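Novice: Have a look at this one before I ask anything.
The values are calculated or read from the model by the stated rules, or taken from the named source; none is laboratory data. None of these values were measured; they are calculated from a predicted model. Here the Cβ positions follow ideal geometry from the backbone for every residue, glycine too, while neighbour counts run over all protein chains shown. The protein model used for the area step is the full one, side chains on, heavy atoms only, and it has no ligands, DNA or RNA in it. Shrake-Rupley method; radii C 1.70, N 1.55, O 1.52, S 1.80 Å.
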Amino acid sequence: MRVLIAFQGRNESCYGMAPLGWALRTAGHEVWVAGQPDATDLVADTGLTMVPLGRDNLTRYFKKSMTGLAGGADESENASQLPEELSWDDLRQWYRRAVPGWWKVINEPMLADLTAFCQEWRPDLVLWEQGTYAAPIAAQACGAAHARVVWSVDVFARLRDRFLELMAERDEPGQEDLLGRWLGSRAAAHGQEFSEELTRGHFTVDCFPASLALPRRGSLTRVPVRYVPYSGRAILPAWLREEPERPRVAVCLGSAEAEAAASPAPPQALLEALAGLDVEVVVTAADAAEDELPALPGNVRVTDSVPAHQLAPSCAAMVNYGDPGMVCTALLYGVPQLVVPVADPDSPLLARAVTAGGAGAALTGAGQVAERVAALLREPAYRLGAERVSAEIRAMPAPNDVVTEIEELTAKHRAR
């Protein structure tokens, strides 16, 4: 098959799908990756073939649109609610912000180029992360099968289900469907019609453990696959090959820029709270994030070169801002974690899932950091909960083991 992976220009988007891309590649399929030009080196470093399309700086636009999307009392109050707990007005406001302020911003600049490329290269299958709606439009325009790849809570599909349930009860059911109207107008430009497959794919490759997933409804076809952590080049430092003298707590900041602004415990406050514990703290941060930490406690080591999957096996606990890759890596290795939720679609729901699954705790106030981390280290129930989820993840089929099922689903939907 010819397989095209389409993603937005953020590291976690490319990294989350790279292991699946390589599984398909080593099975003999041709796998290319489409993204905007400034992600070229990022993709090329994975060893997969990069196809630069659209315009640069979508990451910058994404951050701006997310800031606006997360702003306001309605969004912060509803952030950790399950989709079935949201009202019609909640969902209507969500789509009024998300469609023009987020999804159009990141999809429109790549839509024409992606569609033209698909019509030229004729892929059999297009894999896309949730939110990259340009991909199913391009796939439909060239007759390819297409599937979402999900490595977090499947919030967009569940929000869509809830929205459609409530919209069906309205007197004018289609009036407020901004997502359907937008996707329908773009599909119509290529002689196609809107269907819900443009919002959720022909099928979904799902890397998130079922025990922590959002309640599921409808007939969505899912292909469960084990989460495989990947974050680019990895070099194991000498200090990480040695046993830590004290319990090691990893603080995974990611980019930290957006998280710090909207978090109940910004990085500096978080590290100061951990300074009083008898632990070794390892902070994984980008160079920019390290500059934002001027006065580091004596028990803190900062590194920008150790991937979380190398660090996790040596940790007694991990702290993160609800980044899906960080959360899933801690779950995979059975490490109890403290999730410090920020205002984006995934983070509060991931915090809720980790807590409900007994695999960790969530932060609701800045003064709780030391208390919550101490509890993770002290109480065996957290380690047992994390190990239980780890066993569930490891029992899921590896990416190489789902290739045949993906081939069969692709053939089925191309034959329609």
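Novice: How fast does segment 336-414 diffuse by Stokes-Einstein, in µm²/s, taking the Kirkwood radius from C-alpha pairs at 37 °C and 0.692 mPa s?
Specialist: Rounded to a whole number, D works out at 222 µm²/s.
Novice: Remind me, relative contact order of segment 124-230 in percent, using alpha carbon pairs under 8 angstrom and six or more residues apart?
Specialist: Once divided by the residue count of segment 124-230, the mean separation gives 32 percent.
Novice: Between GLY143, TYR95, PRO83, whose Cα lies farthest towards the positive end of the dipole of the chain when Lys and Arg beta carbons carry +1 and Asp and Glu beta carbons carry -1, centred on the Cα centre?
Specialist: So the residue we want is GLY143.
Novice: With Kirkwood's inverse mean 1/r over C-alpha pairs for Rh, give me the Rg to Rh ratio of segment 136-176, two decimals please.
Specialist: So for segment 136-176, dividing Rg by the Kirkwood Rh gives 1.12.
Novice: If you don't mind, another one. Ignoring ligands, DNA and RNA, what percent of the 1.4 Å accessible area of the chain is carbon and sulfur?
Specialist: That fraction is 49 percent.
Novice: Can you tell me the Rg and Dmax of segment 281-416, counting just the alpha carbons, in angstroms?
Specialist: Rg and Dmax of segment 281-416, Cα atoms, are 17.8, 63 Å.
Novice: Also, I was wondering about something else. Spin-label point model (7 Å from Cα, Cβ direction): what's the ALA370 to LEU164 distance in nm?
Specialist: 5.1
Novice: While we're here: Kindly give the semi-axes, whole Å and largest first, of the ellipsoid equivalent to segment 116-155, taking each as the square root of 5 times a Cα gyration tensor eigenvalue.
Specialist: Listed largest to smallest, the semi-axes of segment 116-155 are 21, 9, 7 Å.
Novice: Now, a different point. State to the nearest 20 debye the size of the charge dipole of the chain about its Cα centre, where the only charges are +1 on K and R beta carbons and -1 on D and E beta carbons.
Specialist: Here the size comes out at about 740 debye.
Novice: Turning to a different aspect of this structure: Farthest toward the dipole's positive end in the chain, which of VAL105, GLN368, TRP22, given Cβ charges of +1 (Lys, Arg) and -1 (Asp, Glu) about the Cα centre?
Specialist: Positive-most Cα among the choices belongs to TRP22.
Novice: With a 1.4 Å probe and every protein chain left in place, tell me how much accessible area GLU176 has, in Å² to the nearest 10.
Specialist: 40
Novice: If the only charges are +1 at each Lys and Arg Cβ and -1 at each Asp and Glu Cβ, what is the size of the charge dipole of segment 284-416 around the Cα centre, to the nearest 20 debye?
Specialist: 500
Novice: For the chain, report the accessible area per residue in Å² (1.4 Å probe, heavy atoms, rounded to an integer).
Specialist: Value for the chain: 40 Å² per residue.
Novice: GLU172 to LEU82: FRET efficiency via 1/(1 + (r/R0)^6), r the Cβ-Cβ distance, R0 30 Å, to the nearest 0.05?
Specialist: After rounding to 0.05, the efficiency reads 0.65.
Novice: Please report the accessible area of GLU30 (heavy atoms, 1.4 Å probe, ligands and nucleic acids excluded) in Å², nearest 10.
Specialist: Rounded to the nearest 10, that gives 70 Å².
Novice: Now for a separate question. Do the sum for the chain: with -39,500 (n - 2.57) for every DSSP H run of n ≥ 4, divided by all residues, what is the mean residue ellipticity at 222 nm, to the nearest 500 deg cm²/dmol?
Specialist: Rounded to the nearest 500, it is -13000 deg cm²/dmol.
Novice: Evaluate the charge dipole of segment 101-165 about its Cα centre and quote only its size in Debye, nearest 20, assuming +1 on the Cβ of each Lys and Arg and -1 on the Cβ of each Asp and Glu.
Specialist: 160
Novice: Determine Rg/Rh for segment 147-245; Rg is computed over alpha-carbon atoms and Rh is the Kirkwood hydrodynamic estimate from the same atoms.
Specialist: With Rh from the inverse mean 1/r over Cα pairs, Rg/Rh is 1.18.
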